[in-house]
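> Have a look at this one.
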Amino acid sequence: MFGFRFGKRKRNLNKSQETHKEEKIKINRRMNDRYIVDLGNIVNISKTGCRIKKQNPEELKKEFIEVQIGKEKLKSIVVEDKASYYSVKFLKPFQDSKLIKSKVKRLKEFKLDKEKEKIDFDKLEAQSSEFKAIINLLSEINNPNTDTEKLTGYIVQIPKVKKTILEVANSAESGTAERINSLTTAIARIGFEKLKEVIRTTIMKDLSFENKDFSEFEHFEAYNLLKSTFLTEILRYVTFKDSKNEARLLFTSETTPLAIFTKLNNSFAKYYTSVKRMYSPYSRYLERKNFGTDFLELSKEFIVEYSGLFKYLYDGYILAHLNLFPFLTFPKRMKISISRRKLDFSYVTYLTLIAVLAIIGRDKKKTHILINRLKRLGMDTNKVMEFLNTVIENTNDALYNMGLRRSVRALPFSVQTMKLSKIFPKDNIYFDYIVNAIASSKGRIAFRHEDRMFSGYILDFVLNVEDFDFNTKSFCIVPCENLLEDELNIEDFSGFDIIVFKDFDLLSKKLFKDFKEIWQKFEGTIICTYSTYSFMDWDRPDLYNLVKGSIVDLPSFLYNTKSYEFIQKRIKEDLKDLLGSLSFNEELVFKEETIENIIYSYIETVFI
């Protein structure tokens, strides 16, 4: 996607080279995945062994011992002997996966009671018709083959634009005393270039920025203009082309679906007060709690499926939110199609959203992330700051030209550092293991987790800290559960240094061959996440054997309460920062519950 290529295909390796490389990158030495179970004295179990609470030390002196698991007795040898437990290796593999699945310990999961609200877009016809007319008009004025008849057809659907054009045509500068009432005559009088200027100014100032639905949204005008000016500047550095102005038009329409929520519940007009709240993943959970759907799903339904706009681009916008917050989850029913153009656009959008949060939202962490990501485009630190200052100056100039105050402040240089040693709890061997495993991974990592949102938080840390140099590389995240495709093309990812396959255990079986090719031939880094509870070693041995040597077990909440307390604290801090004066019940106590359950439990105590 950038002016210089990276993430290219690997050259084909011969068999001996492949074997050598596979041995070199192996970071997981376990024979099989272990499962924490409720099976009497058995603490955890895998196909080839188990850990048992110690009760009769004398029994361990035997050369072989028998372990009773369900109805089966397994001849075993002791391979580890500790004060409170011992571990054994089975002489033949344990095969009763049904027993393990029935006895495995799980975190308590959240079930959303709120059904998806049925929204009749036809009842919003006035809003949706004007919305489509605005997008079509903005698109048409950039069409070199347009004509007055086409433009007039869209203009008459937007009364404010029509009124402004007539006012300009009848102004003193037009040099005529004769009153013009015909739109066609007015267009002929002011000329095509002036017409385009009037249309853009009217829409940008009076329609797109008409924040009657977001009366308390801070810096609403600056937020909208910044997206456009940042996009103009960033397109100089990337190979993604916005020749039809689709990206710019999509950004212009971004808040339209949120306005639907404010009509369904006017309290949300008071909630959407900042870019932080608009883009926060926690806002998506708040929306689901109230409407049974969220901004991203509603956006796709209204803008793409109902209005018929941005069909070949919009999924890239959705993916950008996942890049921004890797722990965000999508509704299972929302399906996403990927392509080279959508993936490239997702990264351009991701950079734009970070810029908005850094510059308008004054988010220091996002400022640090943005500076590092821009370095991948060939800029040094000074060039990055010069680039961002240009964006800010151009935004303020645009505000001034529209009669608005120059309100965007310069961005201070970020001296903040982001290291895992400052984020992860100290003296926690589980987190030390993660750091060491990633450092020695040689480009292939498969995170195994009990909680997919927790794995998303780990991804967020890993991709943005300075420990592994991932923070200055380009990446994309593929939500495997939501994929619509019957194929994955390795060339679609050639513009990236890092591919993240999120929940790859949910990948369609039809895609295994394509995934295998990407895993073996992609030149950059590949990170996958998968759930313990998918029992991949039993149910998807093809996938499991492919990534087996690269598995990194994330800390278990069932084993380690410190890890659990750490992430709960992070969520509390995030929610306090987001909600401000809106309170939530911080005294809730959680034990062995998923992160999603914790978030929803907190959000259920928020009243807006």
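The values are calculated or read from the model by the stated rules, or taken from the named source; none is laboratory data. Owing to the predicted nature of the structure, the values given are computational and were not obtained by experimental measurement. Positions of Cβ are backbone-derived with ideal geometry, glycine not excepted, and every protein chain shown enters the neighbour counts.
Residues checked against (1) buried (at least 19 other Cβ atoms within 10 Å of the Cβ); (2) under 18 Å from Arg448 (Cα atoms); (3) in contact with a helix residue (DSSP H, G or I) (Cβ under 8 Å, 6 or more places away or on another chain):
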| position | (1), (2), (3) |
| --- | --- |
| Asp492 | yes, no, yes |
| Val500 | yes, yes, yes |
| Leu507 | yes, yes, yes |
| Asp539 | no, yes, yes |
| Asp542 | no, yes, yes |
| Val547 | yes, yes, yes |
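> Can you name every residue in the stretch 263-276 that is within 25 Å of Lys111 (Cα to Cα) and surrounded by fewer than 21 Cβ atoms within 10 Å (Cβ to Cβ)?
First, the residues of the stretch 263-276 that are within 25 Å of Lys111 (Cα to Cα): 264-265, 267-268, 271.
Listed by number, the residues that qualify are Leu264, Asn265, Ser267.
> State whether one or more residues within the stretch 325-345 are part of a helix (DSSP H, G or I), outside the structural domain of Ser508 (by the TED database) and small (Gly, Ala, Ser). Show your work before the answer.
Taking the stretch 325-345 as the starting set, the residues that turn out to be part of a helix (DSSP H, G or I) are 340-345.
Narrowing further to those that are outside the structural domain of Ser508 (by the TED database): 340-345.
Imposing the further condition that a residue be small (Gly, Ala, Ser) reduces the set to none.
Scanning the stretch 325-345 turns up no residue that is part of a helix (DSSP H, G or I), outside the structural domain of Ser508 (by the TED database) and small (Gly, Ala, Ser).
> Given the residues Phe501, Phe522, which is the only one that is at pLDDT 95 or above, more than 24 Å from Met31 (Cα to Cα) and not β-branched (Val, Ile, Thr)?
Numbers: Phe501 fails: more than 24 Å from Met31 (Cα to Cα).
Being at pLDDT 95 or above, more than 24 Å from Met31 (Cα to Cα) and not β-branched (Val, Ile, Thr) holds for just one of Phe501, Phe522, which is Phe522.
Each row is one residue, and each column tells you yes or no for (1) touching a residue at least 24 places away in the same chain (Cβ under 8 Å); (2) assigned by the TED database to the domain that holds Tyr279; (3) assigned to a helix (DSSP H, G or I).
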residue	(1), (2), (3)
His368	yes, yes, yes
Lys383	no, yes, yes
Glu386	no, yes, yes
Ile392	yes, yes, yes
Tyr400	no, yes, yes
Leu404	yes, yes, no
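> Return yes when Lys300 is basic (Lys, Arg), free of Cβ contacts under 8 Å to residues at least 40 places away in the same chain and closer than 27 Å to Glu596 by Cα and no when it is not. Give the steps one after another, and end with the answer.
On the way: basic (Lys, Arg): yes; free of Cβ contacts under 8 Å to residues at least 40 places away in the same chain: yes; closer than 27 Å to Glu596 by Cα: yes.
When the stated conditions are applied, Lys300 passes them.
> Take the conditions buried (at least 21 other Cβ atoms within 10 Å of the Cβ), out of contact with any strand residue (DSSP E or B) (no Cβ under 6 Å at 6 or more places or on another chain) and in contact (Cβ under 8 Å) with a residue 60 or more places away in the chain and apply them to Leu286. Does it pass?
Working: buried (at least 21 other Cβ atoms within 10 Å of the Cβ): yes; out of contact with any strand residue (DSSP E or B) (no Cβ under 6 Å at 6 or more places or on another chain): yes; in contact (Cβ under 8 Å) with a residue 60 or more places away in the chain: yes.
Considered against the rule, which asks whether it is buried (at least 21 other Cβ atoms within 10 Å of the Cβ), out of contact with any strand residue (DSSP E or B) (no Cβ under 6 Å at 6 or more places or on another chain) and in contact (Cβ under 8 Å) with a residue 60 or more places away in the chain, Leu286 comes out as yes.
> Working carefully through the options Ile598, Ile518, Ile527, find the one that is touching a residue at least 60 places away in the same chain (Cβ under 8 Å) and surrounded by 18 or more Cβ atoms within 10 Å (Cβ to Cβ). Steps first, answer last, please.
Working: Ile598 fails: touching a residue at least 60 places away in the same chain (Cβ under 8 Å); Ile518 fails: touching a residue at least 60 places away in the same chain (Cβ under 8 Å).
Checking each option against the conditions leaves just Ile527.
> Would you call Gly316 under 24 Å from Ile134 (Cα atoms), assigned to a loop (DSSP other than H, G, I, E, B) and out of contact with any His (no Cβ under 7 Å at 6 or more places or on another chain)? Even if it seems obvious, please write down each step before you answer.
Numbers: under 24 Å from Ile134 (Cα atoms): yes; assigned to a loop (DSSP other than H, G, I, E, B): no; out of contact with any His (no Cβ under 7 Å at 6 or more places or on another chain): yes.
When the stated conditions are applied, Gly316 does not pass them.
> Please pick out the residue among Phe413, Phe461, Phe431, Phe447 that is over 21 Å from Leu558 (Cα atoms) and not in a loop (DSSP other than H, G, I, E, B). Give the steps one after another, and end with the answer.
Values: Phe413 fails: not in a loop (DSSP other than H, G, I, E, B); Phe431 fails: over 21 Å from Leu558 (Cα atoms); Phe447 fails: over 21 Å from Leu558 (Cα atoms).
Going through Phe413, Phe461, Phe431, Phe447 in turn, the sole match is Phe461.
> Out of Lys89, Lys101, Lys61, I need the residue that is of a type outside the set (A, V, I, L, M, F, W, C) and in contact with a strand residue (DSSP E or B) (Cβ under 6 Å, 6 or more places away or on another chain). Which one? Quick ask: steps written out before the conclusion?
Numbers: Lys101 fails: in contact with a strand residue (DSSP E or B) (Cβ under 6 Å, 6 or more places away or on another chain); Lys61 fails: in contact with a strand residue (DSSP E or B) (Cβ under 6 Å, 6 or more places away or on another chain).
Exactly one of Lys89, Lys101, Lys61 is of a type outside the set (A, V, I, L, M, F, W, C) and in contact with a strand residue (DSSP E or B) (Cβ under 6 Å, 6 or more places away or on another chain), namely Lys89.
> Quick check: anything in the stretch 292-301 among the hydrophobic types (A, V, I, L, M, F, W, C) and over 27 Å from Phe461 (Cα atoms)? Walk me through it before giving the result.
Just the residues of the stretch 292-301 that are among the hydrophobic types (A, V, I, L, M, F, W, C), to begin with: 295-296, 298.
Within this subset, residues satisfying the condition of being over 27 Å from Phe461 (Cα atoms) are 298.
There is at least one residue in the stretch 292-301 that is among the hydrophobic types (A, V, I, L, M, F, W, C) and over 27 Å from Phe461 (Cα atoms).
> So Ile119 passes all but one of these: (1) surrounded by 14 or more Cβ atoms within 10 Å (Cβ to Cβ); (2) over 33 Å from the mean Cα position of the chain (by Cα); (3) in contact (Cβ under 8 Å) with a residue 12 or more places away in the chain. Which condition number does it fail?
(2)
> Further, regarding this structure: Go through (1) under 23 Å from Lys516 (Cα atoms); (2) out of contact with any helix residue (DSSP H, G or I) (no Cβ under 8 Å at 6 or more places or on another chain); (3) aromatic (Phe, Trp, Tyr) and name the single condition Phe447 misses.
Here Phe447 meets the rest and fails (2).
> Considering each residue of the stretch 183-202, count those that are buried (at least 20 other Cβ atoms within 10 Å of the Cβ) and not in a helix (DSSP H, G or I), and give that number.
0
> Could you check the stretch 591-602 and list, in sequence order, the residues that are at negative phi and outside any helix (DSSP H, G or I)?
Answer for the stretch 591-602, where residues must be at negative phi and outside any helix (DSSP H, G or I): Lys591, Glu593, Thr594.
To keep it simple, each residue is scored yes or no on (1) crowded, with 23+ Cβ neighbours inside 10 Å; (2) aromatic (Phe, Trp, Tyr).
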residue	(1), (2)
Phe291	no, yes
Glu301	no, no
Phe310	no, yes
Leu313	no, no
Met334	no, no
Phe345	yes, yes
Arg362	no, no
Thr381	no, no
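> OK, next. In the stretch 224-238, which residues are of a type in the set (Val, Ile, Thr) and out of contact with any strand residue (DSSP E or B) (no Cβ under 6 Å at 6 or more places or on another chain)?
Scanning the stretch 224-238 gives Thr229, Thr232, Ile234.
> With respect to Ile69, is the statement that it is touching a helix residue (DSSP H, G or I) at 6+ places or on another chain (Cβ under 9 Å), surrounded by 19 or more Cβ atoms within 10 Å (Cβ to Cβ) and either of a type in the set (D, E, K, R) or within 18 Å of Asp553 (Cβ to Cβ) (or both) true? Before you say what the answer is, go through the steps one by one.
On the way: touching a helix residue (DSSP H, G or I) at 6+ places or on another chain (Cβ under 9 Å): yes; surrounded by 19 or more Cβ atoms within 10 Å (Cβ to Cβ): yes; either of a type in the set (D, E, K, R) or within 18 Å of Asp553 (Cβ to Cβ) (or both): no.
Considered against the rule, which asks whether it is touching a helix residue (DSSP H, G or I) at 6+ places or on another chain (Cβ under 9 Å), surrounded by 19 or more Cβ atoms within 10 Å (Cβ to Cβ) and either of a type in the set (D, E, K, R) or within 18 Å of Asp553 (Cβ to Cβ) (or both), Ile69 comes out as no.
> Between Ala247, Ala222, Ala188, Ala177, which is more than 23 Å from the chain's Cα centre (by Cα) and at pLDDT 90 or above?
Numbers: Ala247 fails: more than 23 Å from the chain's Cα centre (by Cα); Ala188 fails: at pLDDT 90 or above; Ala177 fails: at pLDDT 90 or above.
Within the list Ala247, Ala222, Ala188, Ala177, the selection yields Ala222.
> Could you grab me the full set of residues in the stretch 466-490 that are buried (at least 22 other Cβ atoms within 10 Å of the Cβ) and in a loop (DSSP other than H, G, I, E, B)?
Hits for the stretch 466-490 are Ser474, Leu488.
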